[in-house]
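Below: the structure, in structure tokens.
The values are calculated or read from the model by the stated rules, or taken from the named source; none is laboratory data. This structure is a prediction, so every number in the text was calculated from the model and none was measured. Heads up, the Cβs are rebuilt from the backbone with ideal geometry, glycines too, and the neighbour counts pull from every protein chain shown. Accessible surface is based on the protein model in full, side chains and every heavy atom, while ligands, DNA and RNA are left aside. Shrake-Rupley method; radii C 1.70, N 1.55, O 1.52, S 1.80 Å.
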Amino acid sequence: LGREMLQRYYEKYQPFNEGTLLGSEMRLNFELPGTPFKFAAILDLLLKRKDGTIEIRDFKTGQRIPSVKERGFYYQMGLYRLALKVLYPQYENVELTQYYLRKDEMISRTLTSDELELVTEEFRNAVLDIKNAIRLDDFPTKEGGHCRFCEYFNICPAKRHGQMLEGGKAFEDLDEKEKVKKIKELASRYIDMKDQEKTAKNELEALKGDLIQ
């Protein structure tokens, strides 16, 4: 399938004279505007078309072609656009394109200044959320289709209840000493989580006071 996609792309676009190639597999390291947060973006291809438009092109191999309004497109291509804005401010007319090799189709859009500011703010808030989670050692679970690939499935709080239900027979088969040990482990974990909950509540109250002040 990979060979077919590459061959089809080559035959359609060779001798590749759409414009001037400015870079491929470009790693752009930059600071998010207005923050000290360091980001990196890797552009598949940067092209200056014959009409002067700068195109950031990202290649995809999936079957599904999303809308340019979807969050996946918005955040990925928005990050690339931010990187270009910071490092190459002379590029003003920039088009964001995703090329779907399997379907031989492209989707494109541009981002307004307001949209770029919104992307910046949302990335800034995401970093702050992560920093706060690290400080409080609080990473809430988010279940989804990716769970089945997770290396931490067996210790995930979100999956623990289901595992206990599935393991009901196994628990019944334990002898009394093993059952007591299992219950003590669960009780100990419960106490630890209650302590964490109390700490988090105190931290929230402190933050609330800081905000009001």
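See the values below:
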quantity: Estimated vicinal HN-Hα couplings, Hz - region 88-93 in sequence order (Karplus 6.51, -1.76, 1.60; Gly, Pro = x); calculated: 9, x, 6, 8, 9, 8
quantity: Share of Cα-Cα pairs in region 109-158 lying beyond 12 Å, as whole percent; calculated: 74
quantity: Cα-Cα separations in region 7-115 greater than 22 Å, expressed as whole percent; calculated: 32
quantity: In degrees, nearest ten, helix 2-13 long axis to first principal axis of the chain (Cα); calculated: 30
quantity: Per residue value of the accessible surface for region 35-98 (all protein chains in place, 1.4 Å probe), Å²; calculated: 50
quantity: For GLU95, residues with placed amide H under 5 Å, excluding near neighbours; calculated: ILE54, GLU55, ILE56
quantity: Proximal charge balance of PHE123 [Cβ under 14 Å; K/R count +1, D/E count -1]; calculated: 0
quantity: Among beta bridges that DSSP assigns inside the chain, antiparallel share in %, nearest 5; calculated: 75
quantity: Whole-Hz couplings from phi, Karplus 6.51/-1.76/1.60, listed for region 121-128; x for Gly and Pro; calculated: 5, 5, 5, 4, 5, 5, 5, 5
quantity: Tail beyond 27 Å, pair distance distribution of the chain (Cα, percent); calculated: 56
quantity: Three-way shape label, region 1-43, alpha-carbon gyration tensor, a/c 1.5; calculated: prolate
quantity: 22 Å Cα-Cα threshold exceeded, pairs from LYS103/LYS142; LYS48/LYS85; LYS179/LYS201; LYS50/LYS103; LYS159/LYS201; LYS131/LYS159; calculated: LYS103/LYS142; LYS179/LYS201; LYS50/LYS103; LYS159/LYS201; LYS131/LYS159
quantity: Region 20-41-region 94-109 distance, computed between alpha-carbon centres (Å); calculated: 21
quantity: Restricting region 44-144 to GluC sites (Glu not before Pro) in coil, as DSSP defines it, with at most 15 other Cβ within 10 Å; calculated: GLU70, GLU92, GLU143
quantity: Fraction of accessible area attributable to carbon and sulfur, the chain (%, probe 1.4 Å); calculated: 53
